[in-house]
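Here the structure comes first, spelled out in structure tokens, and everything after it is commentary.
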Amino acid sequence: SNYLEVQRLAAKAELIDISNGLETSRLIKDQEELRRMRKACSIASRVADEIPSFLRKGMKEYEAAAELDYRMTRMGASGAAFGTNASFGPSSAEPHHGAEDIALKEGDTTLFDFGCKVEGYCSDITRTFFFGEPKDWQKRMYQVVTEAQQAALSVIRAGANGKDVDSAARTVIDASEFKGLMVHSTGHGLGLSVHDGGRMAPNHDFPLKAGMVLTVEPGVYIRGQGGVRIEDDVLITEDGYEMLTDADKKMKVIQ
């Protein structure tokens with residue numbers, strides 16, 4: 001391997017693992033990095049706002065995912081930041097579902113998790129819509145996730161800890177009928193990779209610093225029925241945050 005070759009050539013040198021330092025340095029973005037990320041987030045936001053205009057009954061998940069990828073590229077992205085997730089009905093209860101040969105039908109929850117790259121830097125956004133009039137439990141789920149994200153955002157600022165952001169979101173969810181149904185962390189670092197170091201999770205010490213870009217993405221999932229997730233990208237500032245994704249996130253019913 002490369003490591004063994006370096007070790008052989010530098011037999012008398014002491015090799016020190018600096019991977020943690022490199023990861024930490026990537027967390028703080030400079031102005032050029034932020035320029036690229038703002039553009040990537042703007043593209044993803046504009047495409048998210050267009051989703052209701054192209055969904056139609058019988059459309060397959062993979063068709064919707066391809067449409068998202070095409071629209072991001074058309075707007076100036078170099079490509080998708082990761083495999084686009086377009087989930088219909090029960091598939092929306094699988095946080096990392098992807099996109100399959102599943103047709104959209106009346107009453108489905110539709111969840112879209114996607115992002116793009118601009119000059120090497122990523123965006124990552126999730127929006128959830130209802131195709132046809134939602135049931136009461138779907139409406140309540142959307143409201144709880146909205147409130148959980150607002151609770152998380154209210155904690156975010158330089159000097160806060162990621163585990164406290166996660167706790168704020170999880171407390172809202174666990175006070176509702178959906179207790180225990182958030183099965184992932186509240187967010188993660190974003191940059192050259194879609195998971196670019198650090199995560200906001202229970203019992204995970206992660207001090208927030210100005211210049212970090214993070215996702216904030218609480219979600220609730222009922223297996224076999226559906227799920228709701230709302231995800232945005234934020235830049236940490238000394239006194240709070242700057243919202244980088246600005247797609248509409250009011251509950252939408254697509255008729």
To one decimal place, what Kirkwood hydrodynamic radius in Å is obtained for the stretch 70-191 from all pairs of distinct Cα atoms? 16.1
Where Lys and Arg each count +1 and Asp and Glu each count -1, what net charge lies around Lys60 among other residues with Cβ under 9 Å from its Cβ? -4
With the dipole of the chain defined by +1 on each Lys or Arg Cβ and -1 on each Asp or Glu Cβ, the option from Ala160, Ile16, Gly115 whose Cα lies farthest towards the positive pole is Gly115
Distance in Å, no decimals, from the C-alpha centre of the stretch 219-242 to the one of the stretch 21-58 is 14
Nearest 10 degrees, 0 to 90: helix 31-54 Cα axis against the chain principal axis: 20
Cα-based Kirkwood hydrodynamic radius, the chain, one decimal, Å: 18.9
Scan around Met212 for amide H atoms under 5 Å from its own, H built in the peptide plane at 1.01 Å from N, and keep only partners 5 or more places away or cross-chain. Lys29, Ile236
Note on the stretch 160-225: alpha-carbon gyration tensor, axes a ≥ b ≥ c; rule is a/c under 1.5 for rounded, else prolate if a/b larger than b/c, else oblate; result oblate
Cut-off under 5 Å, modelled amide H: who pairs with Glu100 long-range: Glu61, Tyr62
Which residues make up the longest stretch of the chain clear of GluC sites (Glu not before Pro) that lie in a DSSP loop with no more than 15 other Cβ atoms within 10 Å, not counting the sites? 15-99
Tell me the angle of helix 162-174 to the major Cα principal axis of the chain, expressed in degrees between 0 and 90 and rounded to the nearest ten. 20
Length released on extending from His184 to Glu94, taking residue separation times 0.36 nm less the Cα-Cα span: 31.3 nm
Can you give the local net charge around Ala247? Use residues other than it whose beta-carbon is closer than 15 angstrom to its beta-carbon, Lys and Arg +1, Asp and Glu -1. -1
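Computed from the coordinates by the stated procedures, all read-outs in this text should not be read as laboratory data. The structure displayed is predicted, hence computed values, not measured ones. Note that we place each Cβ from the backbone using ideal geometry, even for glycine, and neighbour counts take in every protein chain shown.
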